[in-house]
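One structure is given here, and the rest of the page talks about it.
The values are calculated or read from the model by the stated rules, or taken from the named source; none is laboratory data. Source: prediction; values computed, not measured. Neighbour counts run over all protein chains shown; Cβ positions are idealised from the backbone, glycine included. What goes into the accessible areas is simple: the full protein's heavy atoms, side chains included, and nothing from ligands, DNA or RNA. Shrake-Rupley method; radii C 1.70, N 1.55, O 1.52, S 1.80 Å.
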Amino acid sequence: KLLDPVDAAAPQKSSSSPVAIDRIPRAKSPVSRVVGFGGSDMHLYNAWLPPSVAEETKKEGEAFSRVVSSMRSSYKPEDPDSVYATLKWISVLDVFLKAKSDVALEDVTAVVEIGLELFGVSQDKLYVQVRWGNILVRVLNKYRKKLALKVQWRPLYDTLVHTHFSRSTGPEGWRVRQRHFEAITSLVRSCRRFFPAGSASEIWSEFSSLMENPWHNSSFEGSGFVRLFLPTNLENQDFYTNDWVRKTMELWESIPNCQFWNSQWSAVIARVIKNYDFVDWECFLPVLFTRYLNMFEVPVANGSGSYPFPVDVPRNTRFLFSNRTMTPTKAIAKSVVYLLKPGSSTGKHLEKLVDLLEQYYHPSNGGRWTYSLERFLLYLVITFQKRLQHEQLNKDNDKHAHLFLGRPERTAFVKILLKLIDRGQYSKNERMSETVAAATSILSYVEPSLVLPFLTSRFHLALETMTATHQLKTAVMSVAFAGRSLFLTSLSTSAKELHPAGDSNTFMDLLMISLSNALLGMDANDPPKTLATMQLIGSIFSNISTLDDSMDDSSFMPMIQMSEWLDEFLCRLFSLLQHLEPSSVVSEGSHSAATSGTFLVEDGPYYYCMLEILLGRLSKSLYDQALKKIAKFVRTNILPGAIAEVGLLCCACVHSNPEEAVSALVEPMLSAVISSLKGTPATGFGGRGVLETSVLSKAKPTLSPALETSIDCQLKILSVAINYGGPVLLRYKD
């Protein structure tokens, strides 16, 4: 109903629910933004609703106000158990959140205040605190930039200590206590930005005494509490001085060789670096980057890379505070990216760090540290992207614009990351190769003049060594990730600036070569390369509105005749489907579901996405050409090992053009099934034939194995193919 306003009907009103349940969006769009909450604009989801339904959504603001009033009145301070009566409203609040309702900001503030009050008075009622804590986290996180609240940290700390640090255990089981711990810690992190001025000083004074003796276990608890509670909001910025940074760095260095200790302080330092750009970090950079290098625990010579004398942390402390045995790569990446400033020496220190780490990205130097290095590269690129996006959106109205990254800083950073990408591109670790491809894609928008020539050279190198399939797979996947960037750069007026030699068509040539060679990559015996090939085809054609055979200069890839390419593609696809083997062996006589299939279905969405994009972009003549070949293939081949794949192929045809595809694919299959069933033994059930006692006594009516397999395959293919048939199917209802 959300996506098809023509056929959508107005929602049925219910006296028990203030929100139309049937209009809640089921998926989150990457382009959506929350503007309805406390604002005048309607949310993007609601703007797509039919006019009559969209008009109904305007009443949800008043309904939300009534919910808040009812929720407030359901709690009686004189009756402690009345907190249970408020739980029924949590699901209603959840509906409003999912429906992107346009409600008043003061009502949201009231919800948060009431929720925090109920959370505080339910001291020994863990279930109530878990429910209210979770909904408060969602509200605070979603609308954190619009709320003006003051939340005290002490009540949250008292609840945490009373429930999880005291020896008295309640009647609740460990599962509820674990959920409670997750809820209370998440709530603290969400409330940190609302701690009033002076909170940072109070929190530091409260817990710094625990860390006076670094060899006592209390120091670990103190660092955990500091990381959890210490706010880095605007109200507490006066607390963070250069003197505090110096003391913190000395405190961090007081315990060597302890990943728990490193995790706590690297997270605190990262938040301070990101939120306070007035702190002078230059004198601390050598110590910071030395610490970061040490935390990766990569081996030197024949060493293991692990700390030789690691400091043990009590098990209870490790459980209660956020800790991972792996390197805190996200905090390190955040620190590095936000330390970058014009005129800063951060770039030089980062280059030295990368020079030492890049050898461990090489496929022959993998080990337990590979995961940390892969995460480090990913978080570096993602954090860099977020920072550039923020600076681009605020370049005209930010008083700190002089600290924004310029072209020299961006270029230098991308050059450094290309060293890691170059080493890790051909890694045999699947996560590493996917991260490298994603990083290449993101950076290709930032500095195409550096990244795209690098991508081109690596692709040609992989084609020369096609026997090393993991190299070709990674190179193809990288081109697929950067497909849109390649198109944009090829069509831009600055393309000649990227290639002074005059070859401004280099990137378009790369797309043509990759598309031509993509057909060779469809191999039933090489699933990774096949999926990467399909990802590439989907990526290229998703950037084109229509595919036809016009040979003018404005056409896409004039050197390729699309009708010939399409014929070759379908031949390769049919051959692939004929040689597929199901992932699990199916014994004779057993029946598998139509949705179970081979690696094309189970290992990712690229197969169907490619088909849907390609068939949807074809011109009328090319679509008819493809449909004719597909219909012949489906009609003449029974493939029990590729039922789901053939079904999805038909489904993509129907999705692109229901009128013609149903006539060419669905109708012949229906006729074939009915024809196959004629003349088969009848039991009399279903209104066909006459039930005779002699028939039952002589033999049980059965189908031959071959006929049963044929009908079974056709029915399962039909069950998938008709998904997008719509009203066209009505003519075949009989």
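For segment 433-456, residues that are of a type outside the set (Asp, Glu) and open to solvent by 30 Å² or more (accessible area, probe 1.4 Å) total 7.
Is it the case, given these coordinates, that VAL137 is in contact (Cβ under 8 Å) with a residue 12 or more places away in the chain, within 30 Å of the chain's Cα centre (by Cα) and within 25 Å of GLU62 (Cβ to Cβ)? No: the conditions fail for VAL137. Count of segment 575-599 residues, restricted to those that are at pLDDT 90 or above and open to solvent by less than 80 Å² (accessible area, probe 1.4 Å), is 3. What are the residues in segment 159-206 that are over 19 Å from ARG315 (Cβ atoms), part of a helix (DSSP H, G or I) and of a type in the set (Ser, Thr, Tyr), if any? Hits for segment 159-206 are THR159, SER186, SER190, SER199, SER201, SER205.
Looking at segment 216-251 only, could you name the residues that are assigned to a loop (DSSP other than H, G, I, E, B), over 24 Å from GLU282 (Cβ atoms) and open to solvent by less than 10 Å² (accessible area, probe 1.4 Å)? If the condition is that a residue be assigned to a loop (DSSP other than H, G, I, E, B), over 24 Å from GLU282 (Cβ atoms) and open to solvent by less than 10 Å² (accessible area, probe 1.4 Å), then PRO231 is the only one that fits. Scanning segment 252-281 for residues that are open to solvent by less than 40 Å² (accessible area, probe 1.4 Å), within 19 Å of HIS349 (Cβ to Cβ) and in contact (Cβ under 8 Å) with a residue 40 or more places away in the chain yields a total of 8. Only residues that are over 25 Å from SER563 (Cβ atoms), small (Gly, Ala, Ser), out of contact with any Pro (no Cβ under 9 Å at 6 or more places or on another chain) and surrounded by fewer than 23 Cβ atoms within 10 Å (Cβ to Cβ) were counted across segment 600-652, and they come to 1. Checked against (1) within 21 Å of SER122 (Cβ to Cβ); (2) surrounded by fewer than 17 Cβ atoms within 10 Å (Cβ to Cβ); (3) within 28 Å of the chain's Cα centre (by Cα), ARG177 passes all but condition (3). For residues in segment 88-121 being β-branched (Val, Ile, Thr), open to solvent by less than 50 Å² (accessible area, probe 1.4 Å) and without any contact (Cβ under 8 Å) to a residue 60 or more places away in the chain, which is farthest from HIS162 (Cα to Cα)? Going through the qualifying residues, I end up with THR109.
Select from segment 338-363 the residues that are part of a loop (DSSP other than H, G, I, E, B) and farther than 18 Å from GLN425 by Cβ and list them in ascending order. If the condition is that a residue be part of a loop (DSSP other than H, G, I, E, B) and farther than 18 Å from GLN425 by Cβ, then LEU340, LYS341, PRO342, GLY343, SER344, SER345 are the ones that fit. Total residues in segment 332-360 satisfying the condition of being under 24 Å from the mean Cα position of the chain (by Cα) and either open to solvent by less than 50 Å² (accessible area, probe 1.4 Å) or hydroxyl-bearing (Ser, Thr, Tyr) (or both): the figure is 6. Looking only at segment 456-473, residues that are modelled with pLDDT under 75 and farther than 17 Å from ALA437 by Cβ come to 3 in all. Here LYS415, LYS428 are screened, and the one residue that is out of contact with any Cys (no Cβ under 8 Å at 6 or more places or on another chain), more than 20 Å from TYR292 (Cα to Cα) and part of a loop (DSSP other than H, G, I, E, B) is LYS428. Each residue in segment 137-163 was checked for being closer than 27 Å to ASP124 by Cβ and of a type in the set (D, E, K, R), and 4 of them qualify. Of the residues making up segment 371-388, those that are in contact with a Gly (Cβ under 9 Å, 6 or more places away or on another chain) and open to solvent by 60 Å² or more (accessible area, probe 1.4 Å) number 0.
Taking residues in segment 232-251 that are farther than 12 Å from ARG271 by Cα, and partners anywhere that are among the hydroxyl-bearing types (Ser, Thr, Tyr) and part of a helix (DSSP H, G or I), the pairs with Cβ atoms closer than 8 Å and at least 6 places apart or on different chains are GLU235/SER199; ASN236/SER199; ASN236/SER201; PHE239/SER201. Within segment 656-698, the set of residues being surrounded by 19 or more Cβ atoms within 10 Å (Cβ to Cβ) and either in a helix (DSSP H, G or I) or modelled with pLDDT under 70 (or both) comprises SER656, ALA661, VAL662, ALA664, LEU665, VAL666, MET669.
Filtered by the rule that a residue be aliphatic (A, V, I, L, M) and open to solvent by less than 30 Å² (accessible area, probe 1.4 Å), segment 389-432 gives LEU405, VAL414, ILE416, LEU417, LEU418, LEU420, ILE421, MET432.
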